[in-house]
1. Please tell me if GLY281 is surrounded by fewer than 19 Cβ atoms within 10 Å (Cβ to Cβ), small (Gly, Ala, Ser), closer than 25 Å to ILE95 by Cα and out of contact with any helix residue (DSSP H, G or I) (no Cβ under 6 Å at 6 or more places or on another chain).
2. What pairs come out if I take residues in the range 240-258 that are over 19 Å from LYS82 (Cβ atoms) and pair them with residues that are of a type in the set (S, T, N, Q) whose C-beta lies under 8 Å away, six or more apart or interchain?
3. Which count do you get for residues in the range 334-382 that are of a type in the set (D, E, K, R), surrounded by fewer than 16 Cβ atoms within 10 Å (Cβ to Cβ) and under 19 Å from HIS131 (Cα atoms)?
4. I need the full set of residues from the range 191-234 which are out of contact with any Lys or Arg (no Cβ under 8 Å at 6 or more places or on another chain) and β-branched (Val, Ile, Thr), in order please.
5. Restricting attention to the range 154-176, which residues are assigned to a loop (DSSP other than H, G, I, E, B) and either farther than 22 Å from ASP375 by Cβ or aliphatic (A, V, I, L, M) (or both)?
6. Against the condition touching a helix residue (DSSP H, G or I) at 6+ places or on another chain (Cβ under 9 Å) and modelled with pLDDT of 95 or more, how does ARG218 come out, does it pass?
7. Output the residues belonging to the range 242-267 that are surrounded by 16 or more Cβ atoms within 10 Å (Cβ to Cβ) and among the β-branched types (Val, Ile, Thr).
8. Name the one entry in ASP162, ASP154, ASP121 that is within 23 Å of ARG193 (Cβ to Cβ), touching a strand residue (DSSP E or B) at 6+ places or on another chain (Cβ under 6 Å) and assigned by TED's automatic domain parsing to the domain that holds TYR254.
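The values are calculated or read from the model by the stated rules, or taken from the named source; none is laboratory data. All figures in this text were calculated on a predicted structure; none of them were measured in a lab. Glycine gets a Cβ as well: all are built from the backbone with ideal geometry, and neighbour counts include every protein chain shown.
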Amino acid sequence: MHRTLARPAFDVETVRKDFPILQGHVWCKPLVYLDNAATSQKPRAVLEAVDRYYREHNSNVHRGVHWLSGAATKDYEGARDKVRAWLNAAGREEIVFTRGTTESINLVARSFLRPRLKPGDEVLVTEMEHHSNIVPWQIVCGEAGAKLSVVPIDDRGELLFDEKLLTPRTRLFAFVHASNALGTLNPAKDLVRAARARGIPTLVDGAQAVPHMRVDVRDLGCDFYAFSGHKLFGPTGIGVLYGRKELLDAMPPYQGGGEMIRRVTFEKTTWNDIPYKFEAGTPDIAGAVGLGAALDYLGALDAEALHDHEATLLARATEALSAVRGLRILGTARRKVSLVTFDLEGVHPHDIGQILDQEGVAVRTGHHCAQPVMDRFGVPATARASFAFYNTLAEVDALVAALGKVRELFA
């Protein structure tokens, strides 16, 4: 008879010791950081990697022949290899370093889509998109005389996707993997499959997905995938664009100067190979090094136990917040990342945020750069509590207790 051994529980208290800021206090109260969808906190391994780079290897990359430049180049390109492995991309040349998800999307809009757009063409997005996955497409559509089409969402915050929305005029389907405003986890592989069956390229905004799961871009089948380092426990100012090699090869440069050139004369300039064709100027070397360290750190954790812990946090928060008088949760999709968006009857979200802050609880308030989502649910703004693997059930309880004080003040 075989016995199944239970997987050890996620040791959140040990993990928390890796994040110095989580030991801090706000207004003389222990910090309860629940704004992870805006930016995550950084483990000591990332802080030390960035510090070590500046202390020991600080130099510009690629063009120097001295030792420091070689060491910096090794650090920078080593980070690219780590990202390639993390996403299971086919080759390192498919990994372009950018400033973040926003720049990655703008790069695709300007370099891939704009040359292909003609009057009457369409770009398909969803109603739950972050502004960064709406505005760049609006700009190029406006220039080309094309149209932005939208996949609607239902009252739970789930897509009402109909393959008929993918028309012969659709030149790109760009959609969010996980919603920053609702937490909805979209069926990305199915959406990509539907688009590919019609020969339509896809871009997936993975900014909110990669902190909660491993993404295999080859299994997903998308043409482009974008995310930001600072939401993945790495530094700010560094992001990633994955693009299929044949597409990146055919795309013109996004910016000019520095590393993106092969040969420059006053008559003509020729371009460098990918990915360097899209990395003009001095890159965020320290940011890339920090992102690589973040991936190393995450790779050493038990991914399944981490996922189970976040699911427990989401379940506890959903149940407890649902019991708060006058509180409404926006976004009740069947598949979600660990994020809860809510409003409280008779209380402005900014008041909620300020009162919670006095209790040491950090949440996000506002429209979350997703105003079409707010319009869909008929509110100008909401409060949002977003959880990472280093959050605890006690912090969920602290959030609920703080909301009780909000309720008392506005009784």
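1. Criteria not met by GLY281.
2. MET251/SER111; PRO252/SER111; PRO253/SER111; TYR254/ASN106; TYR254/SER111; GLY256/THR269; GLY258/THR282
3. Here the count works out to 1.
4. Those that are out of contact with any Lys or Arg (no Cβ under 8 Å at 6 or more places or on another chain) and β-branched (Val, Ile, Thr): VAL192, VAL204, VAL215, VAL217.
5. Answer for the range 154-176, where residues must be assigned to a loop (DSSP other than H, G, I, E, B) and either farther than 22 Å from ASP375 by Cβ or aliphatic (A, V, I, L, M) (or both): LEU160, LEU166, THR167, PRO168, ARG169.
6. yes
7. As a first pass, look at the range 242-267 and keep what is surrounded by 16 or more Cβ atoms within 10 Å (Cβ to Cβ): 242-244, 247-248, 251, 253-254, 258-261.
Within the range 242-267, just ILE261 meets the criteria.
8. Every option except ASP121 fails the conditions.
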